[in-house]
Amino acid sequence: MDNPVRVRFAPSPTGGLHIGGVRTALYNYLLAKQTGGQFIIRIEDTDQSRFVQGAEQYIYEALSWLGIEADESPQKGGEWGPYTQSERKEIYQKYAKQLLRNGHAYYAFDTTEELEAMRDRLVAAKSKNPSYNAISRMQMKNSLTLPEDDVAARLASGDPYVIRLKVPHKQQVRFNDLVRGWVMVHSSAIDDKVLMKSDGMPTYHLANIVDDHMMKITHVIRGEEWLPSAPLHILLYQCLGWKTPQFAHLPLILRPDGNGKLSKRVADDLGFPIFPLNWTDDQGNQSEGYKEKGYLPEALVNFLAFLGWNPGDNQELFSMEALIETFSVARIGKSGAKFDIEKAKWFNQQYLRAKPNETLLSYLKAGLEANQIDYSRYTEAQLLQICELMKERATFPNDLWKDAQFLFSAPTHYDEKVIHKKWNERVVDVLKGFQKSVEELDNYTGEKAKATLHELIEQEGLKLGQLMPALRVTLTGVGAGPDLGSIMDILGKEEVINRLDKAFEVISIPVK
Ligand code: GLU
């Protein structure tokens, strides 16, 4: 794809931006940047009954957090604006009139009851396509069936009407989707969709086509749920006499077990976010976002890029720049992409680990401060050491302080399972010996303390697994965690001695 492309992300502001929508935006963005083209955000708000306050702002904030910036948008403006459909009413009206003039569209005056009756009739007659179409339209109240003066009188008196597309009766509609290959549909399967509603607003179909044409969109990249609408869109382009853009329908995002589409309900049940940022719906229900959960934007971008695309080799870590370079529509898969939250966590770990220690330090301090944990006993260098130690096991920035709490205050509780298994007179004796050796150590370091421990273990003919967990539990309260030598280094001589004292005092030897 050598020519610069113009692509658009065209969300409807009807709620929080679903993570699947973010992937659509990302793929569009990658393609635009790769070719030196433009990425456009267009707000499709023609269905005013579904308008949700705050949803548009949310879209901008979420994309901006992820580094997906538009070249043209309602906020930014641009040569082909306005970029909000409710501000383009006259444009759609003009093209609806053109379609009427050229015989590609017609006025329809049917009431809701009449439409329902038609449907019932067709269903009872076992029609294959029980809809307003090339056959059924001839039994309805529209400008194809009513006398011309009747139509004129109805329009003049302000009767409510819609404008429908006059779908050709027998025509093969085909287009070459960049992901799915040739898609072919017979026009008898397409109904005479409403293009202009009775409130004078266009439907999605008309507005979308008019805008894609006027905004010079070269590629329409969107979710597979729009594939069924694509043949209708192709017809609309033909009726308007316009060149069609290229289409690429992205594979569905499936629930983790592959059984159906990922929905908010599924994500809620499985306990992971569906929205990039916190979102409160109009009933006041709050959903935690990926950002607030502790996902890093670059990790989420990398994860989403792989939901339906792969580079064809084993490389998994891609920065935005690397994605821009490597991404290709040809490598987008056809089959649904399973949403694996464990993989998202894995990406987060990788990016967290790769952060400079100074950044980790800022996360650590923020967590400690927000939770009123006093860290004044440590120097900056020691805090950096803590980050270095904790980052290997951390998935989220908050894990840095959460998992390190034992470094800031002595344990008040000791894992009972470890005590039951490992705490006995012999072990306590050896630990007392260890405590004494530590006291005598000159120029104490964690490494030296650890070496002392190993010597003792050897002298006493004990196994590592008999003593280590017991020592660990006295220092940290639990049986597993980061390297003990480093822990003892950070805690310092005095604290190690004190914690051992406390453990000898409060842990009683289990009776077996
Ligand atoms: N407004 C549609 C949506 O909400 C856009 C579909 C398209 O990209 O054509 O997803």
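Express as a percent, rounded to the nearest 5, the fraction of DSSP beta bridges in the stretch 169-278 (both residues included) that run antiparallel.
55
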* Structure fact -> the chain accessible area per residue, 1.4 Å probe, protein heavy atoms, integer Å², reads 48
* Computed label-point distance, nm, for sites residue 186 and residue 259 using a 7 Å Cα→Cβ extension -> 3.7
* Would you mind computing, in nm to one decimal, how far apart the modelled labels at residue 292 and residue 170 are, each placed 7 Å from Cα along Cα→Cβ? => 6.0
* Structure fact -> So for R0 = 30 Å, FRET eff. of residue 268-residue 89 from the Cβ-Cβ r, to 0.05, ends up at 0.20
* Structure fact -> Applied in sequence order to the stretch 501-512, the curve 6.51 cos²θ - 1.76 cosθ + 1.60 (Karplus, θ = phi - 60°) yields integer Hz couplings, x standing for Gly and Pro, of 3, 4, 5, 4, 6, 9, 8, 9, 6, x, 8, 10
* Of all accessible surface on the chain at a 1.4 Å probe, what whole percent is carbon and sulfur? -> 48
* Taking the Cα atoms only, what angle lies between the long axis of helix 357-370 and the longest principal axis of the chain, rounded to 10 degrees? -> 90
* Structure fact -> The size of the Cβ-based charge dipole (Lys, Arg +1; Asp, Glu -1) of the chain about the Cα centre, to the nearest 20 debye, is 1920
* Structure fact -> 1/(1 + (r/R0)^6) with r = Cβ-Cβ of residue 76 and residue 495, R0 = 45 Å, i.e. FRET efficiency to nearest 0.05, evaluates to 0.20
* Calculated Rg and Dmax of the chain using C-alpha coordinates, Å -> 32.5, 111
* **Residue (of 21, 457, 504) at the positive-pole extreme of the chain, dipole from beta-carbon charges** => 21
* To do: Please give the length that would be gained between residue 148 and residue 454 if that part of the chain were fully extended, namely 0.36 nm times their separation in residues minus their C-alpha to C-alpha distance (nm, one decimal).
  => 100.1 nm
* Which entries in the list 128/261; 421/463; 264/291 go over 19 Å, if you measure between the two C-alpha atoms of each? -> 128/261
* Asked: Length gain on complete extension for the stretch residue 178 to residue 507, per 0.36 nm per residue less the alpha carbon to alpha carbon distance?
  -> 111.7 nm
* **Unit charges at the beta carbon, dipole of the chain: most positive-side option, 322, 215, 194** => 194
* Put +1 on the Cβ of each Lys and Arg and -1 on the Cβ of each Asp and Glu in the chain; which of 240, 378, 67 then has its Cα farthest toward the positive end of the dipole? -> 240
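Using the C-alpha atoms of the stretch 130-246, what convex hull volume per residue, in cubic angstrom, is computed?
123
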* Determine, from the Cβ-Cβ distance of residue 335 and residue 408 and an R0 of 60 Å, the FRET efficiency 1/(1 + (r/R0)^6), rounded to the nearest 0.05. => 0.80
* In terms of Cα to Cα distance under 17 Å, which aspartates and glutamates are near enough to residue 216, apart from those fewer than 8 places away along the same chain? -> 2, 44, 71, 72, 79
* Residue-averaged [θ]222 nm for the chain, counting only DSSP H segments that reach four residues, each worth -39500 (n - 2.57) -> -13500 deg cm²/dmol
* Which trypsin sites (Lys or Arg not before Pro) does the stretch 144-187 hold that lie in a coil by DSSP with at most 15 other beta carbons within 10 Å? -> 170
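The values are calculated or read from the model by the stated rules, or taken from the named source; none is laboratory data. None of the values given here were measured: they were computed from a predicted structure. Neighbour counts run over all protein chains shown; Cβ positions are idealised from the backbone, glycine included. These area figures cover heavy atoms from the full protein model, side chains too; ligands, DNA and RNA do not enter into them. Shrake-Rupley method; radii C 1.70, N 1.55, O 1.52, S 1.80 Å.
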